[in-house]
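For reference, the structure discussed in these notes is given below.
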Amino acid sequence: MRDGPPPVTAYWAPSRHVTLDGAVNVRDIGGYRTNYGLEVMRGRLFRGDALSQLTRLDLEELDRLGLRTVIDFRTPGEVLLAGADRLPSGVELVSLPVGGGDLGVIYDLIASGDHDRQQRELGDGRAASLMVAINRGFVADARQREAFGAALRLACSPRRLPLLYHCSGGKDRAGWMTAIVLTVLGVPREVVLRDYLLSNDFHRTEYQRLRYDLVKTGIVADPELLRPIMEQSATYLGAAFEEAERAYGSFGRFVTHGLEISDAMLGELRRAMLGDLVPPEPVS
């Protein structure tokens with residue numbers, strides 16, 4: 001089995017990664033340089049995977065972050081299956097379910113052990129097409145869009161920070177949320193994409209082991225069917241951006257009209273994440 005592209009964490013993530021035993025993809029989204037000529041502040045916004053398996057030491061580590069708010073994008077079914085978040089005392093938990101990123105139906109298909117059905121439904125590029133459709137749905141589906149808008153409004157409120165948002169793997173729903181925030185803050189698109197793809201590195205060992213186990217037990221015959229589902233692709237993030245720009249004319253109009261975020265809210269977010277000396281427009 002191929003291991004995929006080489007990791008980029010050595011250059012992009014070590015100072016942002018929050019090392020925990022019960023979650024592998026918790027990261028500070030700060031530290032990136034923006035087109036404003038400023039750096040996104042650290043310690044204010046975090047992204048992550050599910051927090052249901054945190055240990056006592058993990059909770060102490062999260063407590064040191066001083067979190068005030070945690071947003072959980074998981075659906076009730078995901079929470080029921082994996083467990084509710086374990087959080088330090090005093091942290092407010094906000095549930096904003098985004099159903100499009102719940103891959104439970106696909107996981108059921110994999111667990112069925114029906115190799116012919118797996119090939120029919122996931123083979124010949126269908127798994128990748130499904131992931132593209134999921135990411136377009138983050139924008140096109142009103143209910144999902146409303147959840148991301150509500151999450152962004154919370155992030156725009158300084159009294160809610162430090163804030164952490166997460167889904168199950170911390171890659172699809174948390175990935176799109178991070179792309180929204182970093183783009184609003186003026187982080188260049190290529191850097192936004194780099195951050196998005198870092199999830200592949202943090203999940204690499206776990207996913208390799210899972211693919212091996214599924215093949216060894218006979219549940220899956222072709223592990224490559226799983227790669228488009230388990231790994232992030234630039235195509236997925238590109239699909240969400242394309243849908244936002246197609247439906248609203250520009251990413252800025254998507255934020256204003258699609259997510260219902262006012263200029264005043266964006267100003268609060270930029271001041272909280274970039275400082276008080278934010279110019280009216282980002283430099284080119």
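The values are calculated or read from the model by the stated rules, or taken from the named source; none is laboratory data. From a predicted model like this one, the values you see are computed outputs, not experimental measurements. When we count neighbours, we look across all protein chains shown, and the Cβ atoms used for this are built from the backbone with ideal geometry, even at glycine. Side chains are part of the model used for accessible areas, which takes the heavy atoms of the whole protein and leaves out ligands, DNA and RNA. Shrake-Rupley method; radii C 1.70, N 1.55, O 1.52, S 1.80 Å.
The set of residues in region 78-92 that are open to solvent by 40 Å² or more (accessible area, probe 1.4 Å), among the small types (G, A, S) and without any contact (Cβ under 8 Å) to a residue 60 or more places away in the chain comprises A84, S89, G90. For region 151-180, a tally of residues being within 17 Å of L65 (Cβ to Cβ) and of a type in the set (A, V, I, L, M) returns 6. If you go through region 249-264 and keep only what is under 15 Å from E146 (Cβ atoms), open to solvent by 40 Å² or more (accessible area, probe 1.4 Å) and either assigned to a helix (DSSP H, G or I) or β-branched (V, I, T) (or both), you end up with T256, H257.
Within region 1-12, can one find any residue that is assigned to a loop (DSSP other than H, G, I, E, B), in contact with a Phe, Trp or Tyr (Cβ under 8 Å, 6 or more places away or on another chain) and at pLDDT below 95? Checked region 1-12: at least one residue is assigned to a loop (DSSP other than H, G, I, E, B), in contact with a Phe, Trp or Tyr (Cβ under 8 Å, 6 or more places away or on another chain) and at pLDDT below 95. Residues that are open to solvent by 30 Å² or more (accessible area, probe 1.4 Å) and under 30 Å from V278 (Cβ atoms) occur in region 195-216; there is at least one. Can you say whether G113 is surrounded by 14 or more Cβ atoms within 10 Å (Cβ to Cβ) and on the phi > 0 side of the Ramachandran plot, as far as the supplied structure shows? Yes, satisfied. Going through (1) outside any loop (DSSP other than H, G, I, E, B); (2) open to solvent by 60 Å² or more (accessible area, probe 1.4 Å); (3) free of Cβ contacts under 8 Å to residues at least 12 places away in the same chain one by one, D276 falls short only on (1). If you go through region 91-121 and keep only what is touching a Gly at 6+ places or on another chain (Cβ under 8 Å) and part of a helix (DSSP H, G or I), you end up with G100, G104.
Apart from one condition, A239 fits all of (1) loosely packed, with under 15 Cβ neighbours inside 10 Å; (2) over 26 Å from A111 (Cα atoms); (3) hydrophobic (A, V, I, L, M, F, W, C); the exception is (1). Does at least one position in region 116-135 carry a residue that is under 23 Å from Q232 (Cα atoms), touching a Cys at 6+ places or on another chain (Cβ under 7 Å) and at pLDDT below 85? No: zero hits.
Scanning region 35-54 turns up at least one residue that is over 22 Å from D201 (Cβ atoms) and out of contact with any Gly (no Cβ under 8 Å at 6 or more places or on another chain). Among the residues of region 32-76, the ones that are open to solvent by 60 Å² or more (accessible area, probe 1.4 Å) and under 22 Å from D172 (Cβ atoms) come to 2 in all. In region 36-47, the residues that are part of a loop (DSSP other than H, G, I, E, B) form Cβ pairs under 6 Å with partners that are hydrophobic (A, V, I, L, M, F, W, C) and modelled with pLDDT of 95 or more, at six or more places apart or across chains, as follows: L38/L274; V40/L185; V40/M273; M41/M273; R44/L161; R44/M273. No other residue among P162, P188 is under 28 Å from M230 (Cα atoms), in contact (Cβ under 8 Å) with a residue 12 or more places away in the chain, open to solvent by 10 Å² or more (accessible area, probe 1.4 Å) and not polar (S, T, N, Q) apart from P188.
Kindly evaluate A128 against the criterion of being open to solvent by 20 Å² or more (accessible area, probe 1.4 Å), in contact with a Ser or Thr (Cβ under 8 Å, 6 or more places away or on another chain) and of a type outside the set (V, I, T). In short, yes.
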